[in-house]
Structures are given as structure tokens and as C-alpha cells.
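All remarks here apply to the structure that follows.
All of the numbers you see were taken from the coordinates with simple rules; none came from a lab. Here the structure is a predicted model, which is why all the values come from computation and not from measurement. With ideal geometry, Cβ positions are generated from the backbone for all residues, glycine too; neighbour counts draw on all protein chains shown.
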Amino acid sequence: MKAELQRIGKNIKFYRNKERLSQAELAKSVGCTVRHIQRIEAGETNLSVLLFIKIAKVLEVDMSLLCLLK
């Protein structure tokens, strides 16, 4: 499970940087704290399905791409 969380976090960070968003901007857009985004990107915490959907929408990327191995 840890490897999957790390992969998702790494992909979220990749697409966030691609969109030139800061962690603070992403956090504000999805309604969570910067620390929570930091922990998600580091693979240190689970995220809810609702938050996962919100992040994908803000990053304008299909959820399946956030799960792929890069």
C-alpha cells in the first residue's frame, strides 16, 4: 500500500508542477491544508476518494493517470 501511495503522490506532484501550481494553490483549490498536500505527495497519508477527484479536476488530468507508474 505504501508504494501505491508514493506513486500517486509522485504523480500528483508531477502534474501540479506541470500546471505551475504551488502546494498552497492546490491546497486552496481543493479545500485542504498545505501540510496535507505535502503528506500526500510524500506518500505519507491516505487521501479520500473525494479529495482525489478534486485534485484530478484542478490538475486537469484523468484520475487513472495519477495512478500510473512513471
Dipole magnitude of the chain about its Cα centre (Cβ charges: Lys, Arg +1; Asp, Glu -1), debye to nearest 20: 140
Karplus-derived 3J(HN,Hα), 6.51/-1.76/1.60, for each residue of region 18-30, Hz, glycine and proline x: 4, 7, 6, 9, 7, 4, 5, 5, 5, 4, 4, 5, 9
Loop-resident sites, the chain, for GluC sites (Glu not before Pro), counting at most 13 other Cβ within 10 Å (DSSP): GLU19, GLU44, GLU60
Equivalent ellipsoid semi-axes, the chain, via Cα gyration tensor eigenvalues times 5, rooted, Å: 16, 13, 11
For region 32-62 versus region 10-28, the gap between their alpha-carbon centres in whole angstrom: 9
